[in-house]
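Student: After the structure tokens below, expect a handful of questions from me.
The values are calculated or read from the model by the stated rules, or taken from the named source; none is laboratory data. A quick note: this is a predicted structure, and the numbers were derived from the prediction, not measured. A quick note on method: Cβ atoms are made from the backbone with ideal geometry, for glycine too, and the neighbour counts reach across all protein chains shown.
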Amino acid sequence: MTKRCLIVDDDITTCFILKVILEDHFICDIAPNGEKALCRFDQGHLEGSHYNLICLDINMPGMDGLMVLKHIRDAEAALAVPPDLESKVVIISADSTSTTVLNSFFACGASAYITKPIDREKLLQELATLGLI
């Protein structure tokens with residue numbers, strides 16, 4: 001089965017870098033903001049083709065990444081998605097304050113947190129730890 005990844009970031013350069021790193025392992029879709037990310041996430045579930053991985057920026061105009069993550073986790077709970085089939089959400093952000101990192105994990109259910117600039121090896125190592133590659 002082909003694995004799918006949703007890259008959510010308002011910076012097109014970051015999206016491009018992530019896509020280049022991930023396209024050997026995933027079919028990658030890009031969403032430039034939180035609202036479009038949720039549309040893609042919902043559409044994937046409607047089509048029976050969920051995202052195995054979501055790379056999510058926190059600081060975006062409109063709906064921020066933590067709000068997006070909260071919606072994703074709420075939607076998965078409402079759909080009774082088994083824990084082993086939930087999307088792995090990796091926060092990729094320049095914001096490394098302890099409050100933000102803790103909120104990402106404990107309040108919103110992030111799977112991992114990586115700070116920018118993106119380190120290819122660190123990202124791939126984290127995906128291996130999560131069992132995605």
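Student: When the residues of region 19-31 are narrowed to those that are in a helix (DSSP H, G or I) and touching a residue at least 12 places away in the same chain (Cβ under 8 Å), which ends up surrounded by the most Cβ atoms within 10 Å (Cβ to Cβ)?
Tutor: Residue satisfying both the conditions and the ranking: 22.
Student: Tell me, which residue of region 32-56 that is in a loop (DSSP other than H, G, I, E, B) and modelled with pLDDT under 95 is surrounded by the most Cβ atoms within 10 Å (Cβ to Cβ)?
Tutor: 50
Student: Next question. If you go through region 70-93 one residue at a time, how many are under 9 Å from the mean Cα position of the chain (by Cα) and modelled with pLDDT of 95 or more?
Tutor: Total satisfying the criteria: 4.
Student: Taking region 70-89 on its own, how many of its residues are on the phi > 0 side of the Ramachandran plot and either surrounded by 10 or more Cβ atoms within 10 Å (Cβ to Cβ) or of a type in the set (D, E, K, R) (or both)?
Tutor: 0
Student: Restricting attention to region 99-108, which residues are surrounded by fewer than 17 Cβ atoms within 10 Å (Cβ to Cβ) and either under 20 Å from residue 52 (Cα atoms) or touching a residue at least 60 places away in the same chain (Cβ under 8 Å) (or both)?
Tutor: 105, the sole residue that qualifies.
Student: So which residues in region 5-18 are among the aliphatic types (A, V, I, L, M) and buried (at least 19 other Cβ atoms within 10 Å of the Cβ), if there are any at all?
Tutor: 6, 7, 8, 17, 18
Student: Given the conditions (1) out of contact with any strand residue (DSSP E or B) (no Cβ under 9 Å at 6 or more places or on another chain); (2) assigned to a loop (DSSP other than H, G, I, E, B); (3) surrounded by 15 or more Cβ atoms within 10 Å (Cβ to Cβ), which single one is not true for residue 61?
Tutor: Only one criterion is unmet by residue 61, namely (3).
Student: Could you grab me the full set of residues in region 75-95 that are farther than 20 Å from residue 39 by Cα and acidic (Asp, Glu)?
Tutor: Residues satisfying the conditions are 84, 95.
Student: Filter region 90-111 down to the residues that are among the hydrophobic types (A, V, I, L, M, F, W, C) and in contact with a Phe, Trp or Tyr (Cβ under 9 Å, 6 or more places away or on another chain) and list them by number.
Tutor: Of everything in region 90-111, those that are among the hydrophobic types (A, V, I, L, M, F, W, C) and in contact with a Phe, Trp or Tyr (Cβ under 9 Å, 6 or more places away or on another chain) turn out to be 90, 91, 92, 101, 105.
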